[in-house]
1. With (1) surrounded by fewer than 20 Cβ atoms within 10 Å (Cβ to Cβ); (2) not in a strand (DSSP E or B) as the list, and PHE203 as the residue in question, which single condition is left unmet?
2. Considering only residues that are of a type in the set (D, E, K, R) and either touching a Ser or Thr at 6+ places or on another chain (Cβ under 8 Å) or at positive phi (or both), which ones fall in the range 203-234?
3. For the range 271-285, state whether one or more residues are crowded, with 17+ Cβ neighbours inside 10 Å, over 14 Å from ALA7 (Cα atoms) and not basic (Lys, Arg).
4. Filter the range 213-253 for residues that are among the charged types (D, E, K, R) and part of a strand (DSSP E or B); which is nearest to THR38 (Cα to Cα)?
5. Any residue in the range 70-81 that is in a loop (DSSP other than H, G, I, E, B), of a type in the set (A, V, I, L, M) and closer than 26 Å to ALA7 by Cβ?
6. Conditions: (1) more than 28 Å from ALA180 (Cα to Cα); (2) touching a helix residue (DSSP H, G or I) at 6+ places or on another chain (Cβ under 8 Å); (3) at pLDDT 95 or above. PRO274 meets all but one. Number of the miss?
7. Any chance you could count how many residues in the range 188-215 are among the aliphatic types (A, V, I, L, M) and over 15 Å from PRO287 (Cβ atoms)?
8. Taking the range 154-168 only, how many residues are under 24 Å from ILE73 (Cβ atoms) and surrounded by fewer than 23 Cβ atoms within 10 Å (Cβ to Cβ)?
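The values are calculated or read from the model by the stated rules, or taken from the named source; none is laboratory data. This one's a predicted model, so the numbers in the text were calculated from it and none came from an experiment. All Cβ positions, glycine included, derive from the backbone under ideal geometry; neighbour counts span all protein chains shown.
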Amino acid sequence: MVSVRIATWNVNSVKQRVPRLFPWLDERQPDVVCLQETKLADDAFDELLGKELADRGYEVAVHGEATWNGVAILSRAGLDDVVAGVVGAPGFPNPESRAVSATCGGIRIVSVYVPNGRVPDSDHYQYKLAWLAALRQMVAAGPEATIVCGDMNIAPTDDDVFDPDAYIGQTHVTEPERAALAELQSLGLHDVVRDRWPGERVFTYWDYRAGMFHQDLGMRIDLVLASGSVADRVEAAWVDRQARKGKGPSDHAPVIVDLDEAPDGNIGPVVPPPSAPVTKRGAKKLPQG
């Protein structure tokens, strides 16, 4: 088997992230990249990024819309049988650009941007649960060698948020959301970052406001879920926190998974690790609180 580096990154507007995306691709050299929140229609994506990506050897599958949502797969490991969206998924009220899938290097890759949910028990929250149920049905009907990755907008457990008390009454942590994620994983999908780092503090998202990133007050909502045959090939799984630093970052960091070979070694759960995280329970609230 040929070693493959797979990454997922919610870029929170690919147009805004262009100055960072290409240098990151050149530095990390991922073979397959799943992007979320591209916020561009397909033709605009191609016009903005197509030549630069082609020059780097990437084939591209996009499913976007102007202003909101949008997902993509960039691949140097083949790009076959592209499917935009999730068959049977509900809309809000119309179908949104929240998933694209393709076969890359013999693995079915699904890049997803799960609905936020907004407020527990709201119409958007019910939409989120129904959308996840449709995603599960699609994945269940697909091949065994599968990765579902992206912004799940769900923290799987209380260990995946900086302080469970701060999230009381919020989405992303409610039991129905976590149950929907668990149902997806029950298809045999492994949370490869948590499997590799079961007891570590690992986040992928930090609010722009209130210095949340610098205090490491985040949540882990960007996941790589791999079927058994793929999970067995994982040699490294980590969060590229470096990409969240500096000027003009996304509020999410990429998650990187190496199959068969780890060019950077098994370097840790979060790279670089935060310097002085706030860990006292109840010490900090969410900015909107």
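1. With (1) surrounded by fewer than 20 Cβ atoms within 10 Å (Cβ to Cβ); (2) not in a strand (DSSP E or B) applied to PHE203, the lone miss is (1).
2. Quick first cut of the range 203-234, residues of a type in the set (D, E, K, R) only: 207, 209, 216, 220, 222, 232-233.
ASP216, ARG220, ASP222, listed by residue number.
3. Restricting attention to the range 271-285, the residues satisfying the condition of being crowded, with 17+ Cβ neighbours inside 10 Å are 274, 284.
Next cut, over 14 Å from ALA7 (Cα atoms) only: 274, 284.
Adding the requirement that they be not basic (Lys, Arg) leaves 274.
Taking every residue of the range 271-285 in turn, at least one turns out to be crowded, with 17+ Cβ neighbours inside 10 Å, over 14 Å from ALA7 (Cα atoms) and not basic (Lys, Arg).
4. Step one: list which residues in the range 213-253 are among the charged types (D, E, K, R), which gives 216, 220, 222, 232-233, 235, 240-241, 244-245, 247, 251.
Adding the requirement that they be part of a strand (DSSP E or B) leaves 222, 235, 240.
Details: ASP222: 15, GLU235: 29, ASP240: 19 Å.
Per the criteria, the residue is ASP222.
5. Within the range 70-81, the first condition is being in a loop (DSSP other than H, G, I, E, B), and the residues that meet it are 70, 76-79.
Next, from what is left, pick out any that are of a type in the set (A, V, I, L, M): 77, 79.
The next check asks that each one be closer than 26 Å to ALA7 by Cβ; those that pass are 77, 79.
Yes, the range 70-81 contains at least one residue that is in a loop (DSSP other than H, G, I, E, B), of a type in the set (A, V, I, L, M) and closer than 26 Å to ALA7 by Cβ.
6. Going through the list (1) more than 28 Å from ALA180 (Cα to Cα); (2) touching a helix residue (DSSP H, G or I) at 6+ places or on another chain (Cβ under 8 Å); (3) at pLDDT 95 or above, PRO274 breaks only (3).
7. Our first condition is that a residue be among the aliphatic types (A, V, I, L, M); within the range 188-215, this holds for 189, 192-193, 202, 210, 212.
Narrowing further to those that are over 15 Å from PRO287 (Cβ atoms): 189, 192-193, 202.
Here the count works out to 4.
8. 1
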